[in-house]
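Chemist: Structure incoming, see below.
No lab work stands behind these numbers, since they all come straight from the coordinates. Nothing here was measured: the structure is a model prediction, and the numbers come from that model. Using ideal geometry, Cβ is built from the backbone for each residue, glycine included, and neighbour counts are taken over all protein chains shown.
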Amino acid sequence: MKLLGIHHAAIICSDYVRSKHFYSNVLKLNVINEHFRAERNSYKLDLAMPDGSQIELFSFDGAPVRPSYPEAQGLRHLAFKVADVQIAKTYLESCEVNVEDIRVDEITGKKFTFFADPDNLPLELYEV
């Protein structure tokens with residue numbers, strides 16, 4: 001077996017309209033498909049990343065909140081590649097998104113920073 005890359009990351013949100021706006025308008029990901037599943041009272045939104053990978057945004061009534069930030073067991077955070085962390089940070093802040101100070105990865109020497117989606121899911125910008 002040889003893994004070829006990441007196909008998608010799945011995110012469950014608490015407020016579908018707010019999260020759809022954040023991922024499609026603030027982060028500027030293109031909508032591939034949007035489905036409402038009446039039997040579950042649930043949305044599924046497929047969003048395209050520039051490299052071909054995807055984010056699946058789900059809404060489920062009564063989904064529990066994340067237990068801690070960001071050190072709960074399971075997926076720690078989702079990192080996005082950017083050409084310039086400072087430009088991306090400035091843009092997000094202009095959209096009223098709180099962004100942490102830029103740090104430097106002590107192993108790679110690359111710049112990175114963290115911010116959160118509307119449900120406080122930790123997201124990272126990593127300069128390539």
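Chemist: So who's got an amide H within less than 5 Å of the one on D117, skipping anything under 5 residues away but keeping other chains? H placed 1.01 Å off N, in plane.
Modeler: Correct list: L123.
Chemist: Tell me, in nm to one decimal, what length is gained between N33 and S94 on full extension, where the rule is 0.36 nm per residue of separation less the Cα-Cα distance?
Modeler: Numbers: separation 61, 0.36 × 61 = 21.96 nm, distance 2.79 nm.
Once the chain is fully extended between N33 and S94, it gains 19.2 nm.
Chemist: Which of the listed residues, M49, F115, H7, is farthest toward the dipole's positive end in the chain, when Lys, Arg count +1 and Asp, Glu count -1 at the beta-carbon?
Modeler: Farthest towards the positive pole: H7.
Chemist: Right, something else. Taking 7 Å along the Cα-to-C-beta vector as the label spot, tell me the I12-Q86 distance in nanometres, rounded to one decimal.
Modeler: 4.1 nm
Chemist: Counting helices only, and only those DSSP H runs with n ≥ 4, report the 222 nm mean residue ellipticity of the chain as the sum of -39,500 (n - 2.57) divided by its residues, in deg cm²/dmol to the nearest 500.
Modeler: -3500 deg cm²/dmol
Chemist: Next question. Calculate the FRET efficiency for S42 and S68 from the Cβ-Cβ distance with a Förster distance of 35 Å, rounded to the nearest 0.05.
Modeler: My answer for the efficiency is 0.90.
Chemist: Could you compute the longest span of the chain free of GluC sites (Glu not before Pro) located in DSSP loops and having at most 14 other Cβ atoms within 10 Å, not counting the site residues? Mind dumping the intermediate values first?
Modeler: Working: sites that count: E71, E96, E100, E106.
Answer from the scan: 1-70.
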